[in-house]
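The values are calculated or read from the model by the stated rules, or taken from the named source; none is laboratory data. Quantities reported herein were computed from a predicted structural model and do not represent experimental measurements. Cβ placement follows ideal geometry from the backbone for every residue including glycine, while neighbour counts extend to all protein chains displayed.
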Amino acid sequence: MYILILLAALAAGSASAIAQQHTVRVGMVRALSATPTMIAIEKGYFKEHGINVEVSDVDTTALVPLAQNLVQVMEAGVTAGYFNALEKNFPVTIATDRVASPIGHKLLIRPDLKDKIKTVADLKGKVIATNGTASVTNYEIGHILASAGLTLKDIELKVLPFPQMSVGLANKAVDGAIVIPPWVHQVIDQGLGAVLADPDDYVKAVPMNIAVGFINTDWAKQNPNVTRNFFVALVRGIRDYCQAYHNGPNRQEIIDIAVRTGVERRQELLHKYPWQARDPNGRFNMASLLDIQSFYVDAGLSQTRFPAERLATREYSDFAVQTLGPFVVENKDSKLAGCR
């Protein structure tokens, strides 16, 4: 009888554990800055909170899947589409950062044009590749151009996916391109592009948050504990990433996770090139978001200037920090900016 009671209790406990499992679907463009999510999955941080994370790869930053609750979290760039989604009262908001300064982006020009394009002013009338007509890279280009009294109207933008920008430069279909890691390093190494400008030197609202973590607000309201715990687990993953970013003792472990999960298959690149930074507390910079919004409105890509509280919420990053405590870099000798 005792054994039967014990088995019944174990079965009930097992059923309870299953009942407490929550699935959270995350849409993302799989890039190095997505590594913290993969870390939290691989190391079981989400599972500790009864959360099963399903990752969906997306090749666009459109927020429709998020607004329709097809995914509950979306890791993507801060495009004009986000502010237009707010205008339509889509149930979306920003909860965390995804990429923070230094972002590692570069405005490259063709090497054969180095004698003709020596300054930003020389970009007038030139064809520059961007990954989208309303993408955050245009915000970066816009600030670079403004330093010479130019605007996006003074250049011709040509939309190319990042992996195709090297082809555009090689074929002389474009004069320059705004390129992100890891492609920027490859383009330079292949001799297809030379650095003209670094957006980090021109954007004053720093750290920049050119990519963030969006959430479906209806889902978050219906599942407050799940949402909070999701971000506690995610911030743990971010902190592991940041320790590795600073060449901490876990660097090879994190590189292995990045390779195993397809964030970056080429391990040699992770050893050779700098990584994109993230905030170790998952916090975004509101000044950066407001500056991006202003740029889109001034460029005619969105219509409304929303107040700060409409753009994002600090609720979840604050809860994560309260739960986990302060972040401390383990490698005291690291001089790297970012991830602090």
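A single entry from GLY262, GLY248, GLY282 fulfils the requirement of being surrounded by fewer than 21 Cβ atoms within 10 Å (Cβ to Cβ) and on the phi > 0 side of the Ramachandran plot: GLY262. Restricted to segment 296-339, and to residues there that are more than 19 Å from the chain's Cα centre (by Cα) and within 15 Å of SER135 (Cα to Cα), the residue that is surrounded by the most Cβ atoms within 10 Å (Cβ to Cβ) is SER302. Being buried (at least 18 other Cβ atoms within 10 Å of the Cβ) and closer than 29 Å to PHE83 by Cα is the requirement here; does PRO161 meet it? It is false that PRO161 is buried (at least 18 other Cβ atoms within 10 Å of the Cβ) and closer than 29 Å to PHE83 by Cα.
Whenever a residue of segment 113-139 is modelled with pLDDT of 95 or more, its partners that are of a type in the set (S, T, N, Q) and surrounded by fewer than 18 Cβ atoms within 10 Å (Cβ to Cβ), lying with C-beta atoms within less than 8 angstrom and at least six residues away or across chains, give the pairs VAL120/SER147. Within segment 22-42, being closer than 11 Å to THR261 by Cβ and basic (Lys, Arg) holds for one residue alone: ARG30. Would you say GLN243 is assigned to a loop (DSSP other than H, G, I, E, B), in contact with an Asp or Glu (Cβ under 7 Å, 6 or more places away or on another chain) and either loosely packed, with under 15 Cβ neighbours inside 10 Å or at pLDDT 95 or above (or both)? No: the conditions fail for GLN243.
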